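Below is one structure, written out as structure tokens; the observations come after it.
The values are calculated or read from the model by the stated rules, or taken from the named source; none is laboratory data. Predicted model, so just to flag it, every value in this text is computed and none were measured. These accessible areas exclude ligands, DNA and RNA; they are computed on the full protein's heavy atoms, side chains included. Shrake-Rupley method; radii C 1.70, N 1.55, O 1.52, S 1.80 Å.
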Amino acid sequence: MLRGKKTAGAEPATLTSALAAPKGEDAPPKQLVGMSTGDWYREMFWNAPIAMLEEDWRGAKRAVDELLRRGITDLDRYVAEHPEFISQVRTTHRVVDANAAALRLFGFESKAEFLRSSRELLPANVESNMQVYRAFAAGVSVAQGERVLRGRGGSVTPILWRAAIPSQQGEFGRMVFYAVDVSALKRAEQALMAAHADLAYASRSSMLGEMVASIAHEINQPLGAIKLYIDTARRWLDRPEPDVSRARRSVNRAHAEADRASNIVVRVKNLVRRVRSDTGRVPIGSVIAGAIALVEQDARLHRVHIESARVGKEIAVRGEETQIQQALVNLLNNAIQSIASAQQQDGRVQVAVHAEGEDMVEIEVLDNGPGLPPGPEEQIFRPFFTTKPDGMGLGLSICRTMIESQGGRISARRLDAGGTIVAFALPIFR
Ligand SMILES: Nc1ncnc2c1ncn2[C@@H]1O[C@H](COP(=O)(O)OP(=O)(O)OP(=O)(O)O)[C@@H](O)[C@H]1O
Ligand SMILES: [Mg+2]
């Protein structure tokens, strides 16, 4: 392998002599053997629907052969160390002929004019030239690559080119290059990449948006309750004769709500970190009682009566208690809000529990409100589906995520007698 300063000094002479044509060889190349009388070939060449150039690569072939003769097989390395090689060799290159499609590609009408400008229009493109040299060295029959063509008036066209490497030494003076304009393809590729980037950004930001929205949604309930309990406590204390024990009860409730809020934050954090939350035995009776206690105040405000079936301590499901309670609170809130929106006086919400097949327990929330909005029942579980002016439309989609992540399912349907039933089933704990 020839490398380093010692050999570099000696090379230009060798290279120049390699580039110099043996006497008479670089005279204008003859027509391809057998084609001289074949007018049909020129006819076909000229009218081919694809841009075609005939180019003289004899000098390049000789230069590559010379390197190989010197034992230099790693052409990439050689060119990296002798970058002048490409431009020196290119001085021997010439465009010999072009067809009509090639003239169109470069923006010319006259072939003579194009051939005169071809040296400036087709400066050596290092990567494309390397493709051809590599093919020369490897003795393969085809080289191909991509490059950008500069046409008349500065137009720029990305092309895909392909060259047939001759098998006979005498044919390198008329190597045929085919070129296909790939600008439409490149534009499509760029549009595709931009669309892909947009999509990735959109999905990232919508995931983030959904997460932020769900945190806001979940945290809002306990925050609202805390404010309410503290206001109540303040009223008890502001009386001419403060009722300290009632105020303390309100403050205790506010404290419980604050605990709930921090549990929600922990859960969301775990969700982000993909940590599995604590699942285990969750007694249904206490979940229901806890959830009802949380919505009681609101129910009273809207004169909604909540009743629940008695559930024995032994009935339990497998899951995560905070999540199940949270799901139930969401369903109860929806039921109360639905009745409130109709300003009904006899609002009733019922929580029922029954076995669902062998392995599940179903918890149902029934209300006698105005019923589900028109359309498929399923739509209410879609994120951001809401019919409320101040709703976020996230309550049920969060419920579904929570219930399904624990191996359960959730559904809704209209009641014949009017009103709605939303129910979720979870695996029974044995
Ligand atoms: N019990 C119900 N009765 C009638 N419609 C209901 C009931 N529960 C849910 N819906 C309908 O489903 C929609 C979606 O409910 P979801 O809980 O997901 O969102 P939301 O209550 O509108 O807003 P938020 O995000 O604040 O909970 C509601 O806007 C309402 O139209
Ligand atoms: Mg809701």
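Okay, here's what the table says:
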quantity	calculated
Accessible surface of the stretch 220-364, 1.4 Å probe, proportion on carbon and sulfur as whole %	48 percent
Accessible surface of Leu301 - all protein chains present, 1.4 Å probe, nearest 10 Å²	130 Å²
Solvent exposure, largest accessible area first (probe 1.4 Å, DNA, RNA and ligands not counted), of Phe381, Phe429	Phe429, Phe381
Per residue accessible area of the stretch 329-403, 1.4 Å probe, in Å²	48 Å²
Rounded Å value of the spacing that divides the Cα centres of the stretch 241-264 and the stretch 98-147	83 Å
For the stretch 31-122, accessible area per residue (1.4 Å probe, heavy atoms of protein chains only), Å²	49 Å²
Sequence of Leu228, Leu149 from largest to smallest accessible area, 1.4 Å probe	Leu228, Leu149
